[in-house]
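Here is the structure we will look at.
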Amino acid sequence: MKEVKPPRLLAIYLPQFYENEDNNLWWGQGFTDWDSVRTAEKYFPEHDEPRIPANEEYYDLSRKETMRRQAELAAEYGIGGFCFYHYYFKNGKKELELPAENLLRWKEIDMPFCFNWANESWIRSWSRITGNVWVEKNEKAEQDSSDGILAEQDYGGYDEWVSHFEYLLPFFRDVRYIKKDGKPVFIFYYPDDISILHEMIACWRELALKAGLPGLHLIGARMEAPDHHLDAAIVYEPGNSLRKLNETNKAQIRNGVRCFPYQDLCGTVLETESFFDFKTYFCGVTGYDDTPRKGRNGKCLIESSPSLFRKQLSDLIYKSMKYENEFLFINAWNEWGEGMYLEPDVTSGYGYLEAVKDALRMAPAEAETMDETARTESFRKEMEALDYNVRKYKKLFGIMDKWLFLVQTDKACFGSFLEKEGIRSVAVYGMAALGKHLLQQFRKEHIDAAFGIDRHVGRYGSGFMIYRPQESFPDVDAIVITAYDAAAVTEMLRRKYTGRIYSLEEILDDMMRE
């Protein structure tokens with residue numbers, strides 16, 4: 001056994017609780033995320049909505065006393081710092097930056113912090129690109145003529161990277177900014193989406209040294225594989241575990257909402273291993289419910305409690321000590337619109353904060369660190385996951401390659417195929433990238449796709465309904481599957497659907513034979 005300190009607990013922090021000009025423009029005068037929280041609906045009897053903060057304290061993050069109180073509360077219960085979402089877009093446009101900028105000025109507030117760059121575009125729910133959507137349930141169908149981009153993400157070149165770093169530098173130099181070995185901690189939320197990540201990192205590391213810093217501790221979240229240009233990764237929860245539970249059909253549909261037992265999620269959180277031979281931080285989660293923002297299109301964790309959270313956090317503290325991790329993240333301090341928060345509410349009081357204090361108090365003085373056998377098993381699991389992804393993306397690339405060839409040779413005509421097969425009504429299974437492209441192609445050819453089917457339900461264009469596989473859906477002549485695992489999807493659909501089923505690839509193959 002080796003004596004290892006418990007990790008420092010860092011809570012994810014959402015700065016979307018004060019009025020600002022863009023929110024007023026996009027969502028209405030005075031909008032903050034409290035609007036989503038207040039108007040949340042109860043969709044089934046056990047649904048814990050709407051969430052109400054203790055003493056109905058719908059606070060304003062532009063006020064100094066609010067942030068001072070948060071800092072005091074966090075310190076009292078053992079939170080070692082806040083991980084602020086950082087919203088920085090094309091040409092240096094910033095969003096929700098006021099709380100962090102105020103904190104930089106309010107030196108007397110003892111609030112340790114770091115940044116988590118949420119590097120995705122802000123879009124409306126019906127946008128034809130991917131990105132972050134705040135209030136999907138409040139969208140208006142008549143807005144569908146726009147591309148739906150609210151704040152576009154683009155990383156620019158060297159000059160833009162320098163400007164971004166210069167904005168961050170005063171924060172990095174602040175004594176309260178969280179550091180590892182003197183190096184400021186900075187998280188890239190979607191590093192895989194940054195095509196020039198390696199060049200940007202090299203630029204920033206050089207600028208940090210020139211500024212007198214010993215370097216940077218750069219962390220990637222939501223990564224498919226380790227990137228050794230970064231210093232570490234985070235297994236970001238609950239997204240990682242919800243995806244796994246969804247893929248194993250653990251969802252329970254309650255009045256349209258996709259629900260997962262919290263205890264199932266806790267098990268998946270604890271089973272997730274680190275990347276082999278790469279520093280990997282873990283992430284606990286207090287709960288989850290995004291129906292305040294997404295309505296029935298949302299998903300939520302059910303049967304959560306402070307006692308279950310305390311057990312999860314205790315196990316993650318021990319696991320972090322085993323891996324000799326300096327930090328353990330908690331999602332979240334104040335994500336009220338997604339049901340993830342440590343702050344007190346009228347249902348549990350200070351229960352989740354007490355759970356943090358208890359978990360830290362019960363932390364062991366020493367832990368058995370990883371031996372070679374455990375590292376080998378971790379490597380085996382990682383290779384299995386990577387092999388699956390390689391096969392998946394190789395398959396999807398092959399389908400896209402065939403499609404592009406047909407487009408280039410003017411043979412891509414889905415209408416001709418459907419007419420030849422005598423199909424008058426069609427639905428699309430799988431509304432990820434291929435499904436969206438197929439839907440656009442159908443619309444271009446004036447083919448009326450009746451609806452979509454997808455395990456991850458969202459909205460795509462006004463009036464286009466997306467059903468979950470477990471739900472009943474209208475009759476159509478045929479369903480076209482765009483998902484990678486077409487054979488498994490076909491087998492699943494055959495239990496409830498008697499019409500014709502085609503994979504996108506077999507339709508493309510038929511076109512190529514013409």
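The values are calculated or read from the model by the stated rules, or taken from the named source; none is laboratory data. Worth saying up front: this structure is predicted, and the values here are computed from it rather than measured. Ideal geometry is used to build each Cβ from the backbone, glycine not excepted, and the neighbour counts take in all protein chains shown. Areas reflect the complete protein model, heavy atoms only, side chains present, ligands, DNA and RNA absent. Shrake-Rupley method; radii C 1.70, N 1.55, O 1.52, S 1.80 Å.
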Self-check item: Test: GLU101 is surrounded by fewer than 20 Cβ atoms within 10 Å (Cβ to Cβ), over 28 Å from SER163 (Cβ atoms), of a type outside the set (A, V, I, L, M) and over 18 Å from the mean Cα position of the chain (by Cα)
Solution: no
Quiz item: Only one of (1) open to solvent by less than 10 Å² (accessible area, probe 1.4 Å); (2) part of a loop (DSSP other than H, G, I, E, B) is not met by GLU273, so which one is it?
Solution: (1)
Exercise. Select, from THR373, THR347, THR369, the only residue that is outside any strand (DSSP E or B), more than 20 Å from CYS266 (Cα to Cα), modelled with pLDDT of 95 or more and open to solvent by 10 Å² or more (accessible area, probe 1.4 Å).
Key: THR347
Quiz prompt | Residue within the range 340-353 that is of a type in the set (Asp, Glu), under 25 Å from the mean Cα position of the chain (by Cα) and farther than 28 Å from ILE507 by Cβ present | solution = yes
Quiz item: Within the range 243-257, can you find the residues that are at pLDDT 90 or above and either of a type in the set (Ser, Thr, Tyr) or open to solvent by less than 10 Å² (accessible area, probe 1.4 Å) (or both)?
Solution: LEU245, VAL257
Quiz item: Right, ILE109: touching a strand residue (DSSP E or B) at 6+ places or on another chain (Cβ under 8 Å), assigned to a loop (DSSP other than H, G, I, E, B) and not acidic (Asp, Glu) or not?
Solution: no
Practice problem: For residues that are in contact (Cβ under 8 Å) with a residue 60 or more places away in the chain and among the aliphatic types (A, V, I, L, M), scanning just the range 104-129, find the one that is surrounded by the fewest Cβ atoms within 10 Å (Cβ to Cβ). | Solution: LEU104
Quiz item: Hey, GLY284 hits all of (1) out of contact with any Gly (no Cβ under 9 Å at 6 or more places or on another chain); (2) in a strand (DSSP E or B); (3) more than 19 Å from ILE12 (Cβ to Cβ) but one; which does it fall short on?
Solution: (3)
Quiz item: Looking at the range 21-42, which of its residues are crowded, with 18+ Cβ neighbours inside 10 Å and part of a loop (DSSP other than H, G, I, E, B)?
Solution: PHE31, THR32, ALA40
Quiz item: Taking strands (runs of 3 or more DSSP E) that fall entirely within the range 146-250, which contain at least 2 residues that are β-branched (Val, Ile, Thr) and under 25 Å from ASN91 (Cα atoms)?
Solution: 183-188
Quiz item: So which residues in the range 294-331 are assigned to a helix (DSSP H, G or I) and farther than 27 Å from LYS2 by Cβ?
Solution: LYS294, GLY295, ARG296, ASN297, PRO306, SER307, LEU308, PHE309
Quiz item: Is it the case that the range 427-442 has a residue that's touching a Cys at 6+ places or on another chain (Cβ under 8 Å) and under 28 Å from ARG124 (Cβ atoms)?
Solution: no
Exercise. Answer yes if at least one residue in the range 269-283 is of a type in the set (S, T, N, Q), at pLDDT 95 or above and within 23 Å of the chain's Cα centre (by Cα), and no otherwise.
Key: yes
